[in-house]
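*Asks:* Here you go, one structure.
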Protein chains: 2
Amino acid sequence: MGERIYGCVEAGGTKFVCSLGNDWGLISERARIPTTTPEATLAAVRAFFAAASAAHGPIAAYGIGSFGPIDRDRGSPGWGKILQTPKPGWSGTPLVPGIVGEARVPIGFDTDVAAAAMAEAAIGGIGGVVVYVTVGTGIGGGVVVDGVPLDGERHAEMGHFRVPRHAADLGFAGRCPYHGDCLEGIASGPAIIDRWGRSLSELPEDHVGHDIIAQALAHLSVTLIATLSPRRIALGGGVLHTPGLIDRIRREARAIDNGYLLPGEAIDAVIAPSALDGDAGLLGALMLARRAAEMA
Amino acid sequence: MGERIYGCVEAGGTKFVCSLGNDWGLISERARIPTTTPEATLAAVRAFFAAASAAHGPIAAYGIGSFGPIDRDRGSPGWGKILQTPKPGWSGTPLVPGIVGEARVPIGFDTDVAAAAMAEAAIGGIGGVVVYVTVGTGIGGGVVVDGVPLDGERHAEMGHFRVPRHAADLGFAGRCPYHGDCLEGIASGPAIIDRWGRSLSELPEDHVGHDIIAQALAHLSVTLIATLSPRRIALGGGVLHTPGLIDRIRREARAIDNGYLLPGEAIDAVIAPSALDGDAGLLGALMLARRAAEMA
């Protein structure tokens, strides 16, 4: 019996990253397909898998980790769709059929960040609760428990609650169209550009922006520790590429918690940079596909 | 074969409530034993169960929901202990042996609020994620997923993170010895007394205190929705007995979320008063006992 081939998609707001995998990892070049209109993008995704399947063999299952909001409820008639999104043209898109076409194979479908959390838990060998948070164009997060995405009513939207504001930042109203100064409104990449005209890594090391962003993400981390007691909070996304940011977040989190929830060294161990960096989403899609195949 | 008899304990900072139960519910009078010293309180608990067992039959399993922090990790040598607590004399108390003595029966042990969340999920027939939050002398919360407590690294401590402060309340520093103005520091019963000299239900209906407390608990609720997407947030504890408070919290939560995470009517359905009120903890202890017996 041959090895199983999986179709893996990290569906992002900027690009769709596609690859084939098997039970040991990714086995093909990655295709990076720009996210334009649903018709054009999804046709290119189908074309990639048709060509890849012709070269490698039939696809046994698909795993799709998508930007949100999505309908991830298997019992819903809208399962596999993108829900109401500010991304022009994508609201209501039947994403899963648009990717798999007529294929009748098992499909794993969840948020990109839930998929990334699966990959971080697997690569770290971490049971219990693991959270993945991306801080980039937006802020989002996913939760897994013993390797499986948490089955909430919808899915987590970790950028859209509020934390206390930094005293030196009260003049900025925040850029979230729904909330103003929720986490995404103050600490996403575009919110950084709005205030200081540059990315965080382009600001001088002693610029107050570093403290403002680190404190916001530290509040996020402490809130997650208080509500979920995760074994790992893996932080990824473009903003996290800022040198020194992870240590600033840990320092602020230790100061905020003041030794109550966790000793300082435990906070340093829980809050960590994504072990898989930009690959977490695509490897998570592979895990969604494998899990779907196993459960079928 | 006779029915199974369970020993149920809600171990609180003020009193221990003990009862016997069977697979259908509680079957004995409740004993309310004041929380004084570990020696005196635990001796009275053992005496209650000795007498109750003599009257009703041998105890097949115990369920214990306790105030925290506790060591709930079955693999830890400290399992069953109270951890470092401000409650004088109780840090390090081996609570489980102190209650069950020499009995060799299955024991379910978790936080009082995790037990309460089990009971709320069961009584409501609610799968997925259910959160129970108590707002009283302190603020704490527990999470269950499909009826089973979430297996985090430790346990949730939902009172000990910070949310934005109400503009009319900035003069109050908060009373948490670790954090000052974390949720417990600003919205617990004692924090209310600190500011206004009376309980929330004793304040006039148009007193700003109602808005301040409702807004803090609404931020807590929205944060839980954003991170966990629960099907129910059951709010219990003495402060929640304030007439009208639950509707103020819902109203504030709708305003904070502004229709992003959930439509307003869905927020009203998720945020609800505890269906079991003061009984959630003891009924949860019964569920812990039944689960321990089933898993043995």
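The values are calculated or read from the model by the stated rules, or taken from the named source; none is laboratory data. These numbers come from a predicted model, not from an experiment. Cβ sites come from the backbone with ideal geometry, for glycine too, and all protein chains shown count toward neighbours. To get the accessible areas, we keep the full protein, side chains included, count just its heavy atoms, and leave off ligands, DNA and RNA. Shrake-Rupley method; radii C 1.70, N 1.55, O 1.52, S 1.80 Å.
*Asks:* Looking at the structure I just gave you, is B:W90 surrounded by fewer than 16 Cβ atoms within 10 Å (Cβ to Cβ), among the aromatic types (F, W, Y) and more than 14 Å from chain A (Cβ to nearest Cβ)?
*Replies:* So B:W90 does not fit the description; no.
*Asks:* Does A:T93 satisfy being under 14 Å from A:L288 (Cα atoms) and among the hydroxyl-bearing types (S, T, Y)?
*Replies:* So A:T93 fails the test.
*Asks:* Something else: Which residue pairs have Cβ atoms closer than 6 Å, lie 6 or more positions apart in sequence or on different chains, and pair a first residue in segment A:144-165 that is polar (S, T, N, Q) with a second residue that is open to solvent by 30 Å² or more (accessible area, probe 1.4 Å)?
*Replies:* Short answer, once both residue conditions are applied: none.
*Asks:* Which of the residues spanning segment A:140-183 are at the interface with another protein chain (Cβ under 9 Å from one of its Cβ atoms), open to solvent by 20 Å² or more (accessible area, probe 1.4 Å) and touching a Lys or Arg at 6+ places or on another chain (Cβ under 8 Å)?
*Replies:* Those that are at the interface with another protein chain (Cβ under 9 Å from one of its Cβ atoms), open to solvent by 20 Å² or more (accessible area, probe 1.4 Å) and touching a Lys or Arg at 6+ places or on another chain (Cβ under 8 Å): A:E153, A:R154, A:H155, A:P164, A:D181.
*Asks:* State whether one or more residues within segment B:122-136 are open to solvent by 10 Å² or more (accessible area, probe 1.4 Å), at pLDDT 95 or above, assigned to a strand (DSSP E or B) and in contact with a Phe, Trp or Tyr (Cβ under 7 Å, 6 or more places away or on another chain).
*Replies:* No, every residue in segment B:122-136 fails to be open to solvent by 10 Å² or more (accessible area, probe 1.4 Å), at pLDDT 95 or above, assigned to a strand (DSSP E or B) and in contact with a Phe, Trp or Tyr (Cβ under 7 Å, 6 or more places away or on another chain).
*Asks:* Quick check on segment B:210-238: of everything there that is under 23 Å from B:A119 (Cα atoms) and open to solvent by 40 Å² or more (accessible area, probe 1.4 Å), which residue is nearest to the other protein chains (Cβ to nearest Cβ)?
*Replies:* Filtering first and then ranking leaves B:R231.
*Asks:* Can you tell me which of A:G174, A:G197 is farther than 19 Å from A:S221 by Cβ and in contact with a strand residue (DSSP E or B) (Cβ under 6 Å, 6 or more places away or on another chain)?
*Replies:* A:G174
*Asks:* Now for a different question. With the condition kept exactly as written, say whether any residue in segment A:266-282 is of a type in the set (D, E, K, R), within 21 Å of the chain's Cα centre (by Cα) and within 20 Å of A:S199 (Cα to Cα).
*Replies:* Taking every residue of segment A:266-282 in turn, at least one turns out to be of a type in the set (D, E, K, R), within 21 Å of the chain's Cα centre (by Cα) and within 20 Å of A:S199 (Cα to Cα).
*Asks:* If you check A:F49, A:F67, A:F109, A:F16, which single one turns out to be crowded, with 22+ Cβ neighbours inside 10 Å and farther than 23 Å from A:G140 by Cβ?
*Replies:* Of the residues listed, the single one that is crowded, with 22+ Cβ neighbours inside 10 Å and farther than 23 Å from A:G140 by Cβ is A:F49.
*Asks:* Which condition number in (1) free of Cβ contacts under 8 Å to residues at least 40 places away in the same chain; (2) surrounded by 14 or more Cβ atoms within 10 Å (Cβ to Cβ); (3) over 19 Å from A:L261 (Cα atoms) is the one that B:P38 fails?
*Replies:* Checking B:P38 against (1) free of Cβ contacts under 8 Å to residues at least 40 places away in the same chain; (2) surrounded by 14 or more Cβ atoms within 10 Å (Cβ to Cβ); (3) over 19 Å from A:L261 (Cα atoms), the one that fails is (1).
*Asks:* Also, quick follow-up: Can you name every residue in segment A:25-51 that is at pLDDT 95 or above and small (G, A, S)?
*Replies:* Within segment A:25-51, A:A31, A:A40, A:A43, A:A44, A:A47, A:A50, A:A51 meet the criteria.
*Asks:* Go through segment A:112-121 residue by residue and tally those that are open to solvent by 10 Å² or more (accessible area, probe 1.4 Å) and within 14 Å of chain B (Cβ to nearest Cβ).
*Replies:* Qualifying residue count for the region: 1.
*Asks:* Hey, could you check segment A:239-281 for residues that are at pLDDT below 95 and among the charged types (D, E, K, R) and say which is most open to solvent (accessible area, probe 1.4 Å)?
*Replies:* A:D277
*Asks:* If A:P97 passes every condition in (1) crowded, with 24+ Cβ neighbours inside 10 Å; (2) assigned to a helix (DSSP H, G or I) but one, which one does it miss?
*Replies:* Result: A:P97 passes all but (1).
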